[in-house]
Amino acid sequence: MLKKAITYTDYNGTERTEDHYFNLSEAECMEMEMGTTGGLSEMIRRIVAAQDTPAIIKIFKELILKAYGEKSPDGKRFIKSDELSKAFSETEAYSVLFMELATNADAAAKFVNGIVPNSRQGVAAPALAPVTN
């Protein structure tokens, strides 16, 4: 799980710094990997190698919104829903994070490694390294 403090200016002109949580479970990672021909990591490598910017942007958006959620107060669950993801996507915090990941390969790799379980770290992130090249 990744806890990320994001500083942004809201639509009232107020600067805010808020903690946001992102996580992909082992099952979600497996679903993404197995649900993609050749595997998600290989698909990302092909897209980056082809410099397919629209596809890269789509992957960033999908990863951010699929991983976004809220921890339950007791810490037993990580709550995700389309409504929570949509609400987050409508904030400037999302915009700040999206731009950081789309323009900074190190930040993108750190984000990916932070949202996946320890056993899967380093699987997809290396494919993102050349994104800004």
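Each value in this text was obtained by applying a stated rule to the coordinates, not by laboratory testing. From a predicted model like this one, the values you see are computed outputs, not experimental measurements. Counting neighbours? That spans all protein chains shown, and the Cβs are built from the backbone with ideal geometry, glycine included.
General observations
- Evaluated with a Cβ-only charge set (Lys, Arg +1; Asp, Glu -1), segment 2-132 carries a dipole of roughly 280 debye about its Cα centre, given to the nearest 20.
- Taking 12 Å as the cut-off, no amide N atom of segment 92-114 comes nearer than this to a point 7 Å along the Cα-to-beta-carbon line of T17.
- Inter-label distance, nm, simple model (7 Å from Cα along the C-beta direction), L84/Y8: 1.6
- Computed from Cα atoms, the angle from the helix 92-103 axis to the main principal axis of the chain rounds to 30 degrees.
- Volume in Å³ per residue [convex hull over Cα atoms, computed for the chain]: 113
- Cα lying deepest toward the dipole's positive end in the chain, options M43, L2, G75, charges on Cβ: M43
- Max mean-square fluctuation residue, GNM over the chain, Cα-Cα springs under 10 Å, options D74, D52, D19: D74
- For segment 44-121, the Cα gyration tensor yields ellipsoid semi-axes of 24, 16, 11 Å (square root of five times each eigenvalue, largest first, whole Å).
- Entry note, segment 2-132: relative contact order of 29 percent, from Cα contacts under 8 Å with a spacing of 6+ residues.
- Lys/Arg +1, Asp/Glu -1 at C-beta; the chain dipole; positive extreme among V116, G13, L97: V116
- For the chain, adding -39500 (n - 2.57) for each run of n ≥ 4 DSSP H residues and dividing by the number of residues yields -15000 deg cm²/dmol at 222 nm.
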